[in-house]
Amino acid sequence: MKIKRLLLVVTLIVSPFILSSCSGSDEAENRIEAAKVVESRSNEDLLNDLYLASDGDIESLSRILQVTPSSINRLRNGKTVATAKFEEK
């Protein structure tokens, strides 16, 4: 869940800069659409997006998510599934 929130926050921060020419209502609609996309994605997909956004810096990503780097690698490679505690993060 924290991964989804983190990606949502990143999306919400970046979208105004990309969509600065849009009107207020268009911007709100785009934010809602971005939130729907984030909520529909799997934990593995979101983790892979965060991995790419961090330029592959697993150590930093593991500190942010408060997990070990090996846990991130196992989740990304599909060798394990996210626990409820991890999804909350």
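Tabulated data for the structure shown
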read-out: Answer residue from region 12-25, given it is open to solvent by 40 Å² or more (accessible area, probe 1.4 Å) and within 22 Å of Ile64 (Cβ to Cβ) and is modelled with the lowest pLDDT among those; value: Phe17
read-out: Every pair of residues 6+ apart whose Cβ atoms lie under 6 Å, when the first sits in region 26-52 and is open to solvent by 30 Å² or more (accessible area, probe 1.4 Å) while the second is assigned to a loop (DSSP other than H, G, I, E, B); value: Glu27/Leu19; Asn30/Leu19; Asn43/Ala82
read-out: Scan of region 36-84 for residues that are of a type in the set (D, E, K, R), within 13 Å of Lys4 (Cα to Cα) and assigned to a helix (DSSP H, G or I), ordered by number; value: Lys36, Glu39, Glu44, Asp45, Asp49
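The values are calculated or read from the model by the stated rules, or taken from the named source; none is laboratory data. The structure presented is a predicted model; accordingly, all values stated were derived computationally and were not measured. Note that we place each Cβ from the backbone using ideal geometry, even for glycine, and neighbour counts take in every protein chain shown. Just so you know, the surface numbers come from the protein's heavy atoms only, side chains and all, with ligands and any DNA or RNA stripped out. Shrake-Rupley method; radii C 1.70, N 1.55, O 1.52, S 1.80 Å.
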